[in-house]
Amino acid sequence: MSENPSSAKDVQSEPGKKSRTSSIVELVLIIVVAIGLAIVIQAFIVKPYRIPSGSMEPTLAVGQRVLVDRIGMHFGDPHVGEIVVFHPPKNAEQEICGPSPHMVTPGRTACAAPEPIQSSVNFIKRIVAGPGDEISIKEGHVFRKTPGQKTFTRESDSYIRPCGGGSECNFPVPIRIPAGHWFMMGDNRGESDDSRFWGPVPTGWIIGAAFATYWPPDRIGIL
């Protein structure tokens, strides 16, 4: 008895159908896993950020993209010299200092009073002083005295943009950074809204350290 041609065709096509179905399922699973990994990586390990202003020039330009290590802060404290992304105090964008809201007077004393409530926005600045340090600021340069040190030492700041001599460049009266807090300043010292005006930031508000820049292509590198 001869085999029914249509039946033979049907039998031969089954493996192909199953193969296509398996490929589609596999592709969907790969996409789901990739998206899941991307979400986990951004939430807990590394996250990209875009530079929104010129406060970190010349180190970081407007629109430049950086990668931020989100996990490092769980294993150790930040350190002076690091560029970090963090939440500033709630009234930072209005340059309000401290829990007793006031504006600092440029040319006198920088804001030393920590604000207990954080903002939801993200800032990126450089850490210039840490817990227990004493600092004063002259012509945009930070002079720091660490605990146990007898004299103030000017930071090695070849990376900054000169301040330009305005009153916001000078806060000559020394302040002490409270325990568990960090003093942030932009590298563009004459054009940065930073801890001079709204105070030091607690460790818990620091999201992570920027360690590399990946865009634009001509500025790819390690920070």
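The values are calculated or read from the model by the stated rules, or taken from the named source; none is laboratory data. The shown structure was predicted, so the numbers you read here are calculated from the model rather than taken from an experiment. All Cβ positions, glycine included, derive from the backbone under ideal geometry; neighbour counts span all protein chains shown.
Could you check segment 167-199 and list, in sequence order, the residues that are surrounded by fewer than 24 Cβ atoms within 10 Å (Cβ to Cβ), under 14 Å from HIS141 (Cβ atoms) and in contact with a helix residue (DSSP H, G or I) (Cβ under 8 Å, 6 or more places away or on another chain)?
Within segment 167-199, GLU168, GLY190 meet the criteria.
Name every residue in segment 150-174 that is more than 25 Å from GLY54 (Cβ to Cβ) and assigned to a loop (DSSP other than H, G, I, E, B), in order of residue number.
LYS150, THR151, PHE152
Quick one: how many residues across segment 145-159 are at pLDDT below 95 and among the hydrophobic types (A, V, I, L, M, F, W, C)?
0
Going by what's in this entry, would PRO147 be described as in a loop (DSSP other than H, G, I, E, B), more than 17 Å from SER195 (Cβ to Cβ), out of contact with any Cys (no Cβ under 8 Å at 6 or more places or on another chain) and in contact (Cβ under 8 Å) with a residue 12 or more places away in the chain?
When the stated conditions are applied, PRO147 passes them.
Can you confirm whether segment 135-144 contains a residue that is modelled with pLDDT under 95 and farther than 26 Å from SER167 by Cα?
The answer is no; no qualifying residue exists.
Report whether or not ALA179 is more than 20 Å from CYS111 (Cβ to Cβ), in contact (Cβ under 8 Å) with a residue 40 or more places away in the chain and either among the hydrophobic types (A, V, I, L, M, F, W, C) or assigned by TED's automatic domain parsing to the domain that holds PRO89 (or both).
For ALA179, the condition - more than 20 Å from CYS111 (Cβ to Cβ), in contact (Cβ under 8 Å) with a residue 40 or more places away in the chain and either among the hydrophobic types (A, V, I, L, M, F, W, C) or assigned by TED's automatic domain parsing to the domain that holds PRO89 (or both) - is not met.
From (1) touching an Asp or Glu at 6+ places or on another chain (Cβ under 8 Å); (2) on the phi < 0 side of the Ramachandran plot, pick out the condition that doesn't hold for GLY98.
(2)
Within segment 167-205, work out how many residues are within 21 Å of LYS47 (Cα to Cα) and touching a Pro at 6+ places or on another chain (Cβ under 6 Å).
So the count comes out to 0.
With the condition kept exactly as written, say whether any residue in segment 197-206 is in contact (Cβ under 8 Å) with a residue 40 or more places away in the chain and of a type in the set (Gly, Ala, Ser).
Looking through segment 197-206, at least one residue is in contact (Cβ under 8 Å) with a residue 40 or more places away in the chain and of a type in the set (Gly, Ala, Ser).
Please go through segment 74-130 and give me each residue that is charged (D, E, K, R) and farther than 24 Å from SER158 by Cβ, ordered by number.
Within segment 74-130, ASP77, LYS90, GLU93, GLU95, ARG108, GLU115 qualify.
Would you call ARG161 farther than 22 Å from LEU60 by Cα and assigned by TED's automatic domain parsing to the domain that holds GLY204?
Criteria not met by ARG161.
Which of the numbered conditions does SER192 fail, given that it passes all the others? Conditions: (1) over 30 Å from HIS74 (Cβ atoms); (2) in contact with a strand residue (DSSP E or B) (Cβ under 7 Å, 6 or more places away or on another chain); (3) assigned to a loop (DSSP other than H, G, I, E, B).
With (1) over 30 Å from HIS74 (Cβ atoms); (2) in contact with a strand residue (DSSP E or B) (Cβ under 7 Å, 6 or more places away or on another chain); (3) assigned to a loop (DSSP other than H, G, I, E, B) applied to SER192, the lone miss is (1).
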